[in-house]
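Enquirer: One structure coming up, written as structure tokens, with questions to follow.
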Amino acid sequence: MSLSETRKLLQQSRKIVDEADENTSVNIILNMILKLVSSIDTRLQGVEKSVGKFDELKNIITSVTSRVVTVEKDVNDCHKKIGEVENNLQGVGNLFDNLKSLCDTNKSTVAKVQDQYEVVKTACNKNKAEIKKVSESLEKVTNRESNQCVCLEEVQNLKKSVLDLKCRSMKNNLFFSGLCEVREENTEELLRTFLHREICIDYRIEFGNVHRFSNYPRGKRPIVARFLYFSDLQYVLNNAYKLRNTQYGIRQQFPKEIEDNRKLLYPIL
């Protein structure tokens, strides 16, 4: 029974009660009251069912709310982790850029040094070929028997040319003495260590060749080093004063003819 029907039944019941007199049947009144009570009972049962459904709905809403809160927390955690990952990726990206820039710089430097080394190597080979050619010419001239005066002049000119070529080929050479020799040594690394420790050279000097002389007693053989860059050689010579009062010595390498003449001049100086 709906709410409007119940209201209508109450109005009819009140009207019958108000108009009732002694002749009115008691059964009629009781029937009306019974209908009214039945209607109220039915309504109450419906209300109880609705209240039960409300409790279920409340539980569902509470569960959904709890899940939503959990999901929101998980989403916030995900946002934080994503932010951390983005920061880490940015750091890795910056590190990669720095490494790439450094590698490019190193490649350029290595290529430049290699090109310069090839130029120096070509010049050395050319000087060797010229020295060999002049030496062969000198040998031929020496064996000539005719035109003695002309031959002597030509020989002297050739000797001067050979001496000049030798000086040019030794222009970038330095002579190091006093460095102890050990068995199976790495002569180039030994020289680098000496320059760093005794002369305080704190950068890498490029050498074309480093070796010990073979015509000296083993253990006391000096070292001759060919510098790729004359500026490095000049820098070492400028700092050679630091070796005063030590067992070490540094000087430029010259051909034997010039060395002999210098020895003759030492007493005069």
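The values are calculated or read from the model by the stated rules, or taken from the named source; none is laboratory data. The structure displayed is predicted, hence computed values, not measured ones. Here the Cβ positions follow ideal geometry from the backbone for every residue, glycine too, while neighbour counts run over all protein chains shown.
Enquirer: Which condition number does N209 fail, the rest of (1) within 24 Å of K112 (Cα to Cα); (2) in a helix (DSSP H, G or I) being met?
Expert: Tallying (1) within 24 Å of K112 (Cα to Cα); (2) in a helix (DSSP H, G or I), N209 fails exactly one: (2).
Enquirer: Take R251 and decide whether it is over 37 Å from the mean Cα position of the chain (by Cα), assigned to a loop (DSSP other than H, G, I, E, B) and not β-branched (V, I, T). Steps first, please.
Expert: Numbers: over 37 Å from the mean Cα position of the chain (by Cα): yes; assigned to a loop (DSSP other than H, G, I, E, B): no; not β-branched (V, I, T): yes.
Taking the combined requirement at face value, the residue does not satisfy it.
Enquirer: Would you check if D202 is charged (D, E, K, R), touching a residue at least 24 places away in the same chain (Cβ under 8 Å) and not in a strand (DSSP E or B)?
Expert: Values: charged (D, E, K, R): yes; touching a residue at least 24 places away in the same chain (Cβ under 8 Å): no; not in a strand (DSSP E or B): yes.
Taking the combined requirement at face value, the residue does not satisfy it.
Enquirer: So the check is Cβ under 7 Å with 6+ separation or different chains; which pairs have a first residue in the stretch 238-260 that's farther than 16 Å from F175 by Cβ and a second one that's assigned to a loop (DSSP other than H, G, I, E, B)?
Expert: Correct list of pairs: K242/I199.
Enquirer: Turning to a different aspect of this structure: Residues in the stretch 157-173: is at least one in a strand (DSSP E or B), surrounded by 15 or more Cβ atoms within 10 Å (Cβ to Cβ) and either within 45 Å of the chain's Cα centre (by Cα) or modelled with pLDDT of 80 or more (or both)?
Expert: To start, the set of residues in the stretch 157-173 that are in a strand (DSSP E or B) comprises 173.
Now narrow it down to the ones that are surrounded by 15 or more Cβ atoms within 10 Å (Cβ to Cβ): 173.
Filter again for either within 45 Å of the chain's Cα centre (by Cα) or modelled with pLDDT of 80 or more (or both), leaving 173.
Yes, that holds for at least one residue.
Enquirer: Being exposed (fewer than 10 other Cβ atoms within 10 Å of the Cβ), closer than 30 Å to Y248 by Cα, assigned by TED's automatic domain parsing to the domain that holds Y241 and within 46 Å of the chain's Cα centre (by Cα): is that true of R197 here?
Expert: In short, yes.
Enquirer: For the stretch 173-188, state whether one or more residues are closer than 20 Å to Q234 by Cα, without any contact (Cβ under 8 Å) to a residue 40 or more places away in the chain and charged (D, E, K, R).
Expert: Yes, that holds for at least one residue.
Enquirer: Restricted to the stretch 210-253, and to residues that are under 19 Å from V182 (Cα atoms) and among the polar types (S, T, N, Q), which residue is surrounded by the most Cβ atoms within 10 Å (Cβ to Cβ)? Walk me through how you get there before you give the answer.
Expert: Looking only at the stretch 210-253, we keep the residues that are under 19 Å from V182 (Cα atoms), and these are 210-225, 247-249.
After this cut, where a residue has to be among the polar types (S, T, N, Q) as well, the list is 214-215, 247.
Details: S214: 7, N215: 5, Q247: 9.
It comes out as Q247.
Enquirer: Against the definition (within 25 Å of D232 (Cβ to Cβ), outside the structural domain of F227 (by TED's automatic domain parsing) and at pLDDT below 90), how does S101 come out, yes or no? If you could, list the steps in order and put the result at the bottom.
Expert: Numbers: within 25 Å of D232 (Cβ to Cβ): no; outside the structural domain of F227 (by TED's automatic domain parsing): yes; at pLDDT below 90: yes.
No.
Enquirer: Of all residues being in a loop (DSSP other than H, G, I, E, B) and among the aromatic types (F, W, Y) in the stretch 212-235, which is farthest from the chain's Cα centre (by Cα)? Just the residue, please. Step through it out loud before you land on a result.
Expert: As a first pass, look at the stretch 212-235 and keep what is in a loop (DSSP other than H, G, I, E, B): 213-222, 228-229.
Applying the additional criterion that residues be among the aromatic types (F, W, Y) yields 213, 216, 229.
Working: F213: 42, Y216: 47, Y229: 29 Å.
Applying the filter and picking the extreme gives Y216.
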